[in-house]
1. I'd like to know which of Thr35, Ala162, Val434 lies farthest towards the positive end of the charge dipole of the chain, counting +1 on Cβ of Lys and Arg and -1 on Cβ of Asp and Glu.
2. For Thr285 and Lys11, FRET efficiency with R0 = 30 Å and r from the beta-carbon atoms, rounded to 0.05?
3. Could you tell me which chymotrypsin sites (Phe, Trp or Tyr not before Pro) in the range 1-107 are loop residues by DSSP with no more than 10 other beta carbons within 10 angstrom of their beta carbon?
4. What do you get for GluC sites (Glu not before Pro) in the range 242-319 restricted to DSSP loop and a cutoff of at most 16 other Cβ within 10 Å of the site's Cβ?
5. Can you tell me how much longer the chain between Asn234 and Ala162 gets when fully stretched, taken as 0.36 nm per residue apart minus their C-alpha distance, in nm with one decimal?
6. What fraction, in whole percent, of alpha-carbon pairs in the chain exceed 32 Å separation?
7. Cα atoms only: what Rg and Dmax, in Å, come out for the range 58-308?
8. Once the piece of chain linking His132 and Val170 is laid out straight, how much longer is it, given 0.36 nm per residue of separation minus the C-alpha distance between them?
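Any read-out appearing in this document is the output of simple, stated calculations on the displayed coordinates, not a laboratory observation. This structure is a prediction, so every number in the text was calculated from the model and none was measured. Neighbour counts run over all protein chains shown; Cβ positions are idealised from the backbone, glycine included.
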Amino acid sequence: MKTIIEPFRVKSVEPIRMTTAVQREDILRRAHFNTFLIHAQDVIIDLLTDSGTSAMSSEQWAGIMRGDESYAGSQSFFRLQHILHELTGFSQILPTHQGRASERILFELVGGKGKVIPNNAHFDTTRANAEHSGAEAVDLAIPEAHDPRSRHPFKGNMDIAALERLIDKVGRDRIPLIMITVTNNTSGGQPVSMQNIRDVRRICDRLNIPLYLDACRFAENAWFIRQREPGFENHSPREIAKQMFELADGATISAKKDGLVNIGGLLLIRDHDLFRKACNSLILTEGYVTYGGLAGRDLDAMAQGFAEVVEPDYLSYRVRSVEYLGEKLLRAGIQIIEPPGGHAIYIDARHFAPHIPREHFPGQAVVCGLYRTGGIRACEIGSVMFGPSRRPDMELVRLAIPRRVYTQSHIDYVAEAAAALFAKRDELRGIRIVEAPDVLRHFTAKFEEM
Ligand code: F0G
């Protein structure tokens, strides 16, 4: 059979409220052309993020009831610890409320003025936490990552030569750790190969620098390795994930992605001393070490999510359904970052709206167009998001696909709406900022159309 079906049945539904084009025009204006300011009930298909938007399984809901709410030594924590130990090999595991809390603790401990953090591509909160500590965050993706048309199978890879040059330039002592983000979210949800992780590991071993993973989407990365990296075709995603984690000295994880939960995060640390310090920091601001700012029920749902996410049936459906949307857009003539990523499709907005100069935010214009056309909520990842100080190399619109939430007909609808918008792309107008804060402006900025 050719069709890869959703490997689940729907047990509980959440109504979608339909809107008309006239209503959406009014809603968009009242939201100042910023889709973050639109109420969720006014959205038909919400592709703003794949983070915390997953549907939980019946077993995860069972975990919600089972959750042990003891302050210390909760059964739910030990269940989570056991499942994570089996999955990653790590025994020192801290729960946190989400990924950025893990990042805050880690960089508070290892960052600081004068330090330099290399990463294939920092996610914004990772960069912000590194920089907040006083450190400098450096992105070192391979050159192919910047070319939307390059079909490199592992476009998320770290540029090893650039990493060596950076270490030579700043000196080993200024680098407290090297981080690899799997998959690379910022430039397309692109995977990192096992070989690339091993190559970075070799440098880490030689210079005695710890290697950390930003492992939010580790399972999708493992699936790409299985599909694309010679020698892994007969390995299970679980085995591949374990190998990835075994190469690392630690990891920050937002469980809101591949943990298949609506809230939660993890910090894994191999070093005993550093782990002890992280425990103290966790207790100070998040919570005791066996709950880390979450409810016992959240820990239980998370434990089950990490067990389900490495199931081959799930991953094959997951990666294929994102690819399916990407193929439809390409067929409609829309340039996306190729090949399709693991959690999202990224439209190249400069190709979509070549008549809109970068200063007038072609990505935001496409985002507004998608909402007008189909009530679809997407997110600009370009000059609006990065602000005037850091010019991005691409103007992108991300269509992030929540896990296990939308069916194939929803995705067909998204592709139809995008194609309809593309057919009348000449009508898209540039965008002007009316009011915006200095940092993270995409969340609250107010715009107008030109
Ligand atoms: N690292 C990566 C690669 C991420 O994509 C995110 C979140 C985080 C860290 C932070 O995790 O949100 O739990 O604190 N990405 C979301 C997104 C917000 O929409 O891509 P968090």
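1. Positive-most Cα among the choices belongs to Val434.
2. Details: r = 37 Å, r/R0 = 1.24.
The calculated FRET efficiency here is 0.20.
3. Here the sparse-neighbourhood loop sites are Tyr71.
4. none
5. 22.7 nm
6. In whole percent, the share of Cα-Cα pairs in the chain beyond 32 Å is 37.
7. Final numbers for Rg and Dmax: 17.5, 54 Å.
8. On the way: separation 38, 0.36 × 38 = 13.68 nm, distance 1.96 nm.
Using 0.36 nm per residue and subtracting the Cα-Cα distance, I get 11.7 nm.
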